[in-house]
Amino acid sequence: MWHRFWDKKEKSKTLVDQLDKNNLPRHIAIIMDGNGRWAQKRGLPRAVGHKAGVEALRDIVKACSNLGIKVLTVYAFSTENWSRPKDEVNILMNLLIDYLRRELDELHQNKVCIQMIGNMEQLPSEAQKELKRSFKKTENNRGLILNLAINYGGRAEITSAVRRLCEEVMKKELTPEEITGEVISQHLFTSGLPDPDLLIRTSGELRVSNFLLWQIAYTEIVVTECLWPDFNPDQLIEALLEFQKRERRFGGLNKR
């Protein structure tokens, strides 16, 4: 059972004890970067790095569920990733399909609700089938929301929202004056979800890579040099401890 996860990892359990359980992020977003470099450093094909990245995701999902995190959004495949070699794209899609088939029952048993942001229509039919099956099976679960960003791009998301808003104005369902930040948020893929409190980027890169551009306006960002396949619950807890050192002012003044 997942509740025994920490018992097997003494360092993680010690780190967990340092956490303020009343000051955890509701929503964690992760840019899972570094699979290819992880493999290359070991003289292995990039595909091996992607497979290792899936194993890292399994542990992080379990850890977030055990901590009581409400939403975990992971950047699994961007709109720009289609430009990669066809063989690598096929490997990534097959890993997605395999992950959903292999993990769905356990995720469901642990009350995880699987959701997705991005354009599903461009994905291979088998991937669409497995995603829809996962959504259906877990839709009533009230545990962690595992939000998969697949064929996702922040600019594409905002463009889609603007088009929908324009259509509503043209149909006189909405006036320009009624378009507020809240209304825009309601037209994004993440409608109904809280904005991320914490964004973690692995591999040390200092950019957001077209990820949740609207939603991360006041998100705390933690960058780690750790490559994604090596990112484990210890690194997650360390990121959470760093988050808890931050004073979130949302544009206001320091209260001290």
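The values are calculated or read from the model by the stated rules, or taken from the named source; none is laboratory data. All values derive from a computational prediction rather than experimental measurement. Virtual Cβ from ideal backbone geometry, glycine too; neighbours counted across all protein chains shown. These accessible areas exclude ligands, DNA and RNA; they are computed on the full protein's heavy atoms, side chains included. Shrake-Rupley method; radii C 1.70, N 1.55, O 1.52, S 1.80 Å.
For segment 66-224, compute the number of Lys pairs whose alpha carbons are separated by less than 26 Å, excluding pairs fewer than 8 positions apart on the same chain.
Lysine pair count for segment 66-224: 12.
Taking a label point 7 Å from the Cα of LYS41 along the Cα→Cβ vector, which residues of segment 201-224 have an amide N closer than 15 Å to it?
Within reach of a label on LYS41: 202-205, 224.
Quick check: residue separation of SER209 and THR175 times 0.36 nm, minus the Cα distance between them. What number comes out in nm? List each step's numbers first, then the result.
Numbers: separation 34, 0.36 × 34 = 12.24 nm, distance 3.27 nm.
Between SER209 and THR175, full extension yields an extra 9.0 nm.
Over segment 112-198, what is the relative contact order in percent, taking alpha-carbon pairs closer than 8 angstrom and at least six residues apart?
Details: 74 pairs, mean separation 28.7, N = 87.
The value is 33 percent.
Which cross-chain or sequence-distant (5 or more) residues have an amide H under 5 Å from the amide H of ILE114, H modelled 1.01 Å from N in plane?
When sequence neighbours closer than 5 places are left aside, the close amide H contacts are THR138, LEU146.
Using θ = phi - 60° and the Karplus relation 6.51 cos²θ - 1.76 cosθ + 1.60, list the HN-Hα couplings for segment 58-64 in order, rounded to whole Hz, with x at every Gly or Pro.
4, 5, 5, 4, 4, 5, 5
Please build a GNM for the chain, connecting alpha carbons under 10 Å apart, and tell me which residue among LYS86, LYS136, LYS62 fluctuates the most.
The residue that fluctuates most here is LYS86.
Dividing the alpha-carbon radius of gyration of segment 5-124 by 2.2 N^0.38 Å (N being the number of residues), what value is obtained?
Details: Rg = 16.1 Å, N = 120, 2.2 N^0.38 = 13.6 Å.
Working it through for segment 5-124, the quotient is 1.18.
When the chain is treated as a GNM, springs tying every alpha-carbon pair under 10 Å, which of GLU126, GLU205, GLU167 comes out with the largest mean-square fluctuation?
Of GLU126, GLU205, GLU167, the Gaussian network model singles out GLU167 as fluctuating most.
What number, rounded to the nearest 500 deg cm²/dmol, is the helix-based mean residue ellipticity at 222 nm of the chain, given -39500 (n - 2.57) per DSSP H run of at least four residues and division by all its residues? Walk me through the numbers on the way to the answer.
Working: 8 runs with 112 residues, N = 256.
Rounded to the nearest 500, the figure is -14000 deg cm²/dmol.
Determine the relative contact order of segment 125-249: mean sequence separation of Cα pairs under 8 Å and six or more apart, normalised by residue count, in whole percent. Before the final figure, lay out the partial values.
Details: 85 pairs, mean separation 26.8, N = 125.
In percent, rounded to a whole number, it is 21.
Quick one: dipole size for the chain, taken about the Cα centre, charges +1 on Lys/Arg Cβ and -1 on Asp/Glu Cβ, in debye to the nearest 20.
Values: 39 positive and 35 negative charges, 79 e Å.
That gives a dipole near 380 debye.
Per the Kirkwood formula on distinct C-alpha pairs, the Rh of the chain is how many angstrom? The partial results should precede the final answer.
Details: mean 1/r = 0.0516 Å⁻¹.
One over the average 1/r among Cα pairs gives 19.4 Å for the chain.
Take segment 64-132, compute every pairwise Cα distance, and split them into 5 Å bins from 0; I just need the percent in each bin.
Per 5 Å bin, starting at 0, the Cα pair percentages come out as 3, 13, 24, 26, 16, 11, 5, 1.
Grab the beta carbon distance between ARG163 and ARG246, set R0 = 35 Å, and tell me the FRET efficiency rounded to 0.05. Each step should come with its number before you reach the end.
Working: r = 36 Å, r/R0 = 1.01.
For ARG163 and ARG246, the calculated efficiency is 0.50.
Using only Cα atoms, figure out Rg for segment 80-168 and give it as a multiple of 2.2 N^0.38 Å.
Rg over 2.2 N^0.38 Å, computed on Cα atoms: 1.21.
Out of the total accessible area of the chain (probe 1.4 Å, heavy atoms of protein only), what percent is carbon and sulfur? If you can, show how the numbers build up before the last one.
Numbers: 6700 of 13700 Å².
Ligands and nucleic acids excluded, carbon and sulfur reach 49 percent.
Between LEU123, ILE69, ASN110, whose Cα lies farthest towards the positive end of the dipole of segment 68-178 when Lys and Arg beta carbons carry +1 and Asp and Glu beta carbons carry -1, centred on the Cα centre?
ASN110
With +1 assigned to the C-beta of every Lys and Arg and -1 to the C-beta of every Asp and Glu, and no other charges, what is the dipole magnitude of segment 1-145 about the Cα centre in debye, to the nearest 20?
Values: 26 positive and 18 negative charges, 54 e Å.
So the magnitude is around 260 debye.
Any idea of the accessible area per residue across the chain, 1.4 Å probe, to the nearest Å²? Please list the in-between numbers first.
Details: 13700 Å² over 256 residues.
Accessible surface, normalised per residue, equals 54 Å².
When 1/r is averaged over all different Cα pairs and the result inverted, which Kirkwood radius in Å belongs to segment 159-256?
Details: mean 1/r = 0.0620 Å⁻¹.
Taking the inverse mean of 1/r over all distinct Cα pairs, segment 159-256 comes out at 16.1 Å.
For MET116, what accessible surface area do you get with a 1.4 Å probe? Give it in Å², rounded to 10.
Surface open to solvent at MET116 totals about 30 Å².
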